[in-house]
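Have a look at the structure below before the remarks.
The values are calculated or read from the model by the stated rules, or taken from the named source; none is laboratory data. Not measured: the values here are computed from a predicted model. No Cβ is skipped: glycine too gets one built from the backbone with ideal geometry, and neighbour counts run over all protein chains shown. We work out accessible area using only protein heavy atoms, side chains counted, and drop any ligands, DNA or RNA first. Shrake-Rupley method; radii C 1.70, N 1.55, O 1.52, S 1.80 Å.
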Amino acid sequence: MGDVASTTASTKPKDNGKLSDLPQPTTYITSHNSKGEAIVHSHNPFQWRPYDDNNLAFAVPYTTSCFPPDLNNDADLKLHQSLISTPDKLGLVNPKGTVLRCVDFAPGYACGMHRTQSLDYGIVMEGEVDMVLDSGERYSLKRGDVAIQRATQHQWVNKSDTKWARIMFVLQDCQPLVVAGKEMGEDLGTNSGLPPSGN
């Protein structure tokens, strides 16, 4: 995994911080009107944050902070707004909750090997990405493929030298995992630039 070199994208953030040339998604959040009918509470384009010399961009359309989430009186919406209004407080995982995160990877980019204390669903939306594990196993994931990361050490590598790749992740906090007598806690590697999750 050290043999995979990171490349630097000559990309500058566009509107809403987006780096890639991929489509700009929109989040639609539903709620109820006074008659109990479904309505759209809000809809907004993804807000992106660049990392690692503009080779990586994160958008966080939604979070929850407890399980099961409390939707009464928009409690979940208020907790989400409070959390994302101070984005430096949110690590990769939200303790006792979930994070919906979209990640754009620059052409040829390889993120650092890392592990979160979480159960993650990763769905490839655009491009082709290698999932590299610390055992040396390597798998090529194409659009529509799903990776279920169970608190394992891993790395993502955009296989294309010319096209951006995108993965949508749902990260869920999990109980501390012990393997062969060793607790497998969060390990953000050396180049994440992210705060620890605190779980």
For region 15-73, how many residues are within 17 Å of Trp164 (Cα to Cα), in contact with a Gly (Cβ under 8 Å, 6 or more places away or on another chain) and assigned to a loop (DSSP other than H, G, I, E, B)?
1
Subset of region 17-65 [of a type outside the set (S, T, N, Q), in contact (Cβ under 8 Å) with a residue 24 or more places away in the chain and more than 23 Å from Val103 (Cβ to Cβ)]
His41
Taking only pairs six or more apart or across chains, which ones have beta-carbon atoms under 7 Å, a first residue in region 147-165 that is more than 25 Å from Lys18 (Cα to Cα) and charged (D, E, K, R), and a second residue that is open to solvent by less than 60 Å² (accessible area, probe 1.4 Å) and outside any loop (DSSP other than H, G, I, E, B)?
Arg150/Leu119
May I ask you to list the residues in region 166-189 that are part of a strand (DSSP E or B), touching a residue at least 12 places away in the same chain (Cβ under 8 Å) and out of contact with any Lys or Arg (no Cβ under 6 Å at 6 or more places or on another chain)?
Arg166, Ile167, Met168, Val170, Leu171, Gln172
Take the residues in region 120-164 that are among the small types (Gly, Ala, Ser) and assigned to a strand (DSSP E or B), then tell me which one is farthest from Leu177 (Cα to Cα).
Ser140
Expected single match for more than 21 Å from Ala57 (Cβ to Cβ) and modelled with pLDDT of 95 or more among Leu141, Leu177 is Leu177
Within region 83-100, take every residue that is outside any loop (DSSP other than H, G, I, E, B) and open to solvent by 10 Å² or more (accessible area, probe 1.4 Å) and give me the one that is modelled with the lowest pLDDT.
Pro87
Residues that are of a type in the set (Lys, Arg) and over 30 Å from Val179 (Cα atoms): does region 74-81 have at least one?
yes
Among the residues of region 33-57 satisfying the criterion of being acidic (Asp, Glu) and under 30 Å from Gly108 (Cα atoms), which is surrounded by the most Cβ atoms within 10 Å (Cβ to Cβ)?
Asp52
How about region 58-82: which of its residues are in contact with a helix residue (DSSP H, G or I) (Cβ under 7 Å, 6 or more places away or on another chain) and open to solvent by less than 50 Å² (accessible area, probe 1.4 Å)?
Val60, Tyr62, Thr63, Thr64, Ser65
Filter region 129-148 for residues that are within 15 Å of the chain's Cα centre (by Cα) and open to solvent by 10 Å² or more (accessible area, probe 1.4 Å) and give the result.
Met131, Val146, Ile148
